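Enquirer: One structure is given below, represented as structure tokens, and several questions about it will come after.
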Amino acid sequence: MKEKKILFVVVVLFLSLTILTIPFSAGYAKSKNTKSIKIGVLLPLTGPYAMWGKMFQNSMELALDSVGWKVAGKKIELIIEDEGGEDVSMALEKAKKLVEANRVGLLLGPFYGGSALSVMPYTSSIPIVNVKWSQPGKNKNEIGNKYGFWVPTTYPDNTYPLGQYAYEEKGIRTVTTIGSDYDCAYEFVEGFTDAFKSKGGKVIQQQWAPLTEIDYTPYLSNLKMADAMVIGTLGPPAKLALFSQYDQLGLFKKMPIFISEVGTLPSPVMQEMGDKIIGVKGVEKFLTSLKNPEAQEFLKSYQAKYKSVPDDKASDAYSGMKVVLAALKATGGDTDPDTLKKALLNVKLNLPPGPFQFSEGRVGMVPLRVSEVQRVGGKLQWVPVKEYPGRPPYVETYP
Amino acid sequence: MELIILNVLNGVSFGAILFLLCSGLSLTFGVMGILNLSHGALYMVGAYVGWSIAVHQGLNFWLAVLAGGLVAGLLGLIMERGFFRHLHGMINEQVLLTFGFIYILTNLCLWIWGGVPKAPYTAPSFSGSFDIVGDWTYSKARLVVTGIGIVLAAVLWFFQEKTRIGAIIRAGMDNKEMTIGLGINYGLVATFVFILGCFIAGAAGVIGASLFGVTLDLGMSILLLALVVVVVGGKGSVQGALVGGILIGLIISFGKALFPQISTFLVYLVMIVILLIKPSGIMGKKVQDR
Amino acid sequence: MIELRDVHTYYADSYILQGISLEVKEGSVAALLGRNGMGKTTTIRTIIGFTPPREGIIRFKEKEIQCLKPHKIARMGIGLVPQGRQIFPSLSVYENLTMAARDMERGDAWNINKIYNLFPILKTRTRIKGTLLSGGEQQMLTIGRALMTNPALLLMDEPSEGLAPIIVEEIGHIIGRLKESGISILLVEQNISMALDLADYVYIISKGVIEYESKPDDLIKNEEIVSNYLGVAGNE
Ligand SMILES: Nc1ncnc2c1ncn2[C@@H]1O[C@H](COP(=O)(O)OP(=O)(O)OP(=O)(O)O)[C@@H](O)[C@H]1O
Ligand SMILES: [Mg+2]
């Protein structure tokens, strides 16, 4: 009996802890006006990506603030649903609810790639605007939704300029690559190497580490010496571990490093790493050091409202909502899928990363900046060193 | 040749970390019959606490090791006295509970230390590298970790094989009821061992952090390897954790060098082969339930 | 020394001890006899607390102990020599003895040297693992281990089981010496002649009930009881 009681206490403890750690799992609606335009959003408000989910929500609401939650005279109703962590079926359920029960005119999200792959075919009757690249690798050709849009560039297109830069500006002729063993990392590395090889560079070694890898020393021990190392590993933890081991082996001086996304080495993590990473190069659309008015406005209003600094991913979410608003304005609030699709394809806007428009394959085109870690004003920061204008994907896969 | 030496060094030092982690896990499993799935999470907590001491406060690295161990030991005390003691023989409940502790501890860490991972940290004298073979250099921190692993293995071996309390612990693993029937408060002994195991996990976290840093998913990601080591080495023995740790460390290291495509798979293959040949693990003992 | 009063013990739902009452007087040997499966070991397990009674009172040194945890009961001064010896296989002979050591302050207390004097053969085997000993040596080790706890009462469960006659005789001598040293003993046996030689008082258990009790001499005369409850001495 005593055990039963204790078990009960444990269960209650668990439940309360779970409730404490899951803030708002249920979706909520902003208003009930029937004349409004309904926009559905799927975001990870719980689970491992909850941090991103909140940031995305902030950015989207910020974009709505700038038009007073109104477009073409109609109120905008934002219906946000939690897609969970990596819960593909939950995301699909929520998408069904948004489409069938809430009758939204268009969807933004979801965040998690796997969820996007399951939601996209289902929502094939309404436009779905992805604020993340969600079709890497072998899924490229299985889009299943002629209304699917991607605000950010594809992964290989993100790193393509970096490969050009390494060859043309830095005189790199040979590289060794290391990346996580999964689709996204393949694409990031592929963009670099495609550009690099097209110029005449040579890839002498490619290593792939399991996603959960924490010990990179064996890969570094087996490294072939090249002019540079390219890292397609995602996520700050892996980078921290890899860089630290790179440093312990004294390799920073021997082989400069190119990384796929600046965003995987955010400011707090850079400060963690210290001066050894000065000179590491990466590429990204949006950087906090950009001076164009759109970037400045986004940065300032975000910091004023949320007291934190937005990153490239937040800028994608903000841009995504801005693009949607522009298209809705063009249709006069009409959410007929084909009308909206046409309007989206015609959107031309200045966004925080620069001039934006969709390619024919419905992938966003914005300028990309090759950047370098430097110490500016006492802090390690990404400083743009060369800008590459936006262009269609180098392999256009979306007819 | 150079590559062989490097891979052996890599394997042994990674094995040392695995040993540090698994010695506690294996002991508590052997003594209490509880497979503490949150052992990896205690490792993570230790690593975070160590970061607060060594990096945030800028204090001595060994103090950080001690603090990491103490905090993990304290958490172990709370877990054991507050929960496991009341779930005697309820295997499912215990496993669920230890699994739940992973989430609780991870969320606590998120709350206290935030989501940004911490870079590897170590004592200033251990950072950097020196030349070993040819123009190849090797990290000092890794050698230090290996050294600590060897020292701890020796200390634990002495404790378990050469002291009276060690004999009591082994007696309890052989036959718990008989041990109690001789007037030994085995519950207390088990609590002590559990706390010791948690202490080692926490300290190991700080030592491991000098190579790998700390992240929130460490508790989960390191758990799997730890379980493999315990299965391979055999539960309840220091020698088993050492042999298992080094063996898995070497397999991973050479696997990455020679067969990168199947290196992860190789670890499980070895585990299965050993389970088939010797189900109780290389150094395992048969543990009686009574 | 110890007294059981109307003790009822169950293994889950099976009702094994159905009201046992018996007593071991200070400094004496009481024998508990009976065929296989009658509840002898269960009686021992009930006393030491491994399977506590559901009803009844067990009094040791004038204190009720039936609600105590086994290690507390043992620490009050009860030494266990279990059936099947239960030597710890991972421990050396030396460790098997010293892990149990307790209450060594008294001048006449047992310690490792005294055990080695009592069983010189063990001294020559001190480093090897306990389970590598012969059956007789293992029995000595078990007795030595129990003595290391300096008990006032020994619970001995079939110490002669599976041993050659000559070894049984030796064990009988040892038990006799222990009795002379003042230790009280509850001796469970199937070897009737050895038990009757040593015991001051005899109980016969059958199906969880004490069916007969008397001085050993009276039992020897009572052939009906012997054949009904004990059958052929040794085993069945
Ligand atoms: N763990 C158990 N669960 C259920 N029943 C048990 C258990 N242990 C023993 N028994 C049963 O209790 C009864 C008494 O067993 P016990 O071991 O006390 O007999 P015993 O007199 O010591 O016999 P032996 O001379 O063979 O040692 C037997 O019928 C046995 O089958
Ligand atoms: Mg018996």
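Enquirer: Please list the non-local residues whose amide H lies under 5 Å from the amide H of C:SER90, H modeled 1.01 Å from N, same-chain partners needing a gap of 5 or more.
Expert: Distant-sequence amide H within range of C:SER90: zero hits.
Enquirer: Considering lysine pairs in region C:10-93 that are 8 or more places apart or on different chains, how many have Cα atoms under 18 Å apart?
Expert: Lysine pairs meeting both conditions in region C:10-93 amount to 5.
Enquirer: So, counting K/R as plus one and D/E as minus one, what does the shell of residues with Cβ under 15 Å around C:PRO159 add up to?
Expert: My count for the surroundings of C:PRO159 gives -3.
Enquirer: To continue, here is another question. Hey, can you rank B:231-243, C:164-176 by average C-beta count inside 10 Å, highest first?
Expert: B:231-243, C:164-176
Enquirer: How large is the accessible surface of B:ARG85 in square angstrom, using a 1.4 angstrom probe and rounding to the nearest 10?
Expert: 110 Å²
Enquirer: Another one. DSSP loop chymotrypsin sites (Phe, Trp or Tyr not before Pro) in region A:152-224 with at most 16 other Cβ atoms within 10 Å of their Cβ, which ones?
Expert: Within region A:152-224, the qualifying chymotrypsin sites (Phe, Trp or Tyr not before Pro) (loop, at most 16 other Cβ atoms within 10 Å) are A:TYR182.
Enquirer: So, in nm, how far is label A:GLN205 from label A:LYS307 when the simple model puts each one 7 Å beyond its Cα toward the Cβ?
Expert: Spacing of the two 7 Å Cα→Cβ label points: 4.8 nm.
Enquirer: Any idea which of C:SER214, B:PHE194, C:GLY79 is furthest toward the positive side of the dipole for the protein assembly as shown, if Lys and Arg beta-carbons carry +1 and Asp and Glu beta-carbons -1?
Expert: B:PHE194
Enquirer: Related question: What are the lysines whose alpha-carbon lies under 24 Å from the alpha-carbon of B:LYS235, with same-chain residues fewer than 8 places away excluded?
Expert: B:LYS235 reaches B:LYS162, B:LYS176, B:LYS278, B:LYS285, B:LYS286, C:LYS129.
Enquirer: Starting from the Cα gyration tensor of chain A, take the square roots of the eigenvalues, sort them a ≥ b ≥ c, and report rounded, prolate or oblate (rounded when a/c is under 1.5, otherwise prolate if a/b is larger than b/c, else oblate).
Expert: oblate
Enquirer: How would C:ARG125, C:ARG106, B:ARG142 line up by accessible area, probe 1.4 Å, largest first?
Expert: C:ARG106, C:ARG125, B:ARG142
Enquirer: Same structure again: Could you order B:TRP157, A:TRP382 by accessible surface area, starting with the largest, using a probe radius of 1.4 Å?
Expert: Correct descending sequence by accessible area is B:TRP157, A:TRP382.
Enquirer: Right, another one. Placing unit charges on C-beta atoms (Lys and Arg positive, Asp and Glu negative, everything else neutral), compute the dipole magnitude of the protein assembly as shown about its Cα centre in debye, rounded to 20.
Expert: Value, rounded to 20: 2500 debye.
Enquirer: Identify all lysines with a Cα-Cα distance to A:LYS254 below 21 Å; exclude those on the same chain that are fewer than 8 residues away in sequence.
Expert: Hits, sequence-local ones excluded: A:LYS170, A:LYS202, A:LYS224, A:LYS239, A:LYS276, A:LYS281, B:LYS140.
Enquirer: Please give the total accessible area that chains B and A bury against each other, computed with a 1.4 Å probe and expressed in Å² to the nearest 100.
Expert: So the buried area, both faces added, is about 3200 Å².
Enquirer: Please compute the average number of Cβ atoms from other chains found within 10 Å of each residue's Cβ in peptide B:87-95.
Expert: 1
Enquirer: May I ask you to give the percent of accessible area on the protein assembly as shown that is carbon plus sulfur, with a probe radius of 1.4 Å?
Expert: 59 percent
Enquirer: At 1.4 Å probe size, with no ligands or nucleic acids counted, give the accessible surface of B:HIS56 in Å², nearest ten.
Expert: 120 Å²
Enquirer: Hey, can you grab everything whose amide H is under 5 Å from the amide H of C:GLU23? Only 5+ residues off in sequence or another chain; H modelled, so Pro and N-termini drop out.
Expert: C:LEU4
Enquirer: Non-local amide H neighbours of C:THR51 (under 5 Å, H modeled in plane, Pro and chain starts lacking H): which ones?
Expert: When sequence neighbours closer than 5 places are left aside, the close amide H contacts are C:THR46.
Enquirer: Over the heavy atoms of A:ARG173, what accessible area does a 1.4 Å probe trace out, to the nearest 10 Å²?
Expert: Accessible area of A:ARG173: about 100 Å².
Enquirer: Determine the dipole magnitude for chain A: charges of +1 sit on the beta-carbon of Lys and Arg, -1 on that of Asp and Glu, nothing else is charged, the reference point is the Cα centre, and the result goes in debye to the nearest 20.
Expert: For chain A, the charge dipole is close to 840 debye.
Enquirer: Filter the trypsin sites (Lys or Arg not before Pro) in region A:234-335 to those in DSSP coil with at most 13 other Cβ atoms within 10 Å of their Cβ, and list the result.
Expert: Filter output for region A:234-335: A:LYS253, A:LYS291, A:LYS307.
Enquirer: For peptide B:209-217, what's the mean number of Cβ atoms from other chains within 10 Å of each residue's Cβ?
Expert: What the average comes to for B:209-217 is 6.
Enquirer: Keeping all protein chains in place, calculate the accessible area per residue for chain A (probe 1.4 angstrom), answer in Å².
Expert: That works out to 40 Å² per residue.
Enquirer: Starting at the first residue of region B:223-230, write each ³J(HN,Hα) from the Karplus equation 6.51 cos²θ - 1.76 cosθ + 1.60 with θ = phi - 60°, in whole Hz, x for Gly and Pro.
Expert: Coupling constants for region B:223-230: 4, 4, 4, 4, 5, 4, 4, 5 Hz.
Enquirer: Leaving out same-chain residues fewer than 8 places away, which aspartates and glutamates sit with a Cα under 16 Å from that of A:LYS291?
Expert: List returned: A:ASP311, A:ASP312, A:GLU387.
Enquirer: Calculate one ³J(HN,Hα) per residue across region B:75-85 by plugging θ = phi - 60° into the Karplus curve 6.51 cos²θ - 1.76 cosθ + 1.60, and present them in order as whole Hz with x for glycine and proline.
Expert: 4, x, 4, 4, 4, 6, 5, x, 10, 4, 4
Enquirer: Under a 1.4 angstrom probe, counting protein chains only, how are A:GLU86, C:GLU189, C:GLU161 ranked by accessible area, largest first?
Expert: Final ranking, largest accessible area leading: A:GLU86, C:GLU161, C:GLU189.
Enquirer: Hey, what do the phi angles of region A:307-324 turn into as Karplus ³J(HN,Hα) couplings, whole Hz, using 6.51/-1.76/1.60 and θ = phi - 60°, x for Gly and Pro?
Expert: 6, 8, 9, x, 10, 4, 5, 4, 5, 4, 5, 4, 4, x, 5, 4, 5, 4
The values are calculated or read from the model by the stated rules, or taken from the named source; none is laboratory data. Predicted model, so just to flag it, every value in this text is computed and none were measured. Cβ sites come from the backbone with ideal geometry, for glycine too, and all protein chains shown count toward neighbours. In case anyone asks, the SASA skips ligands and DNA or RNA and just uses the protein heavy atoms, side chains included. Shrake-Rupley method; radii C 1.70, N 1.55, O 1.52, S 1.80 Å.
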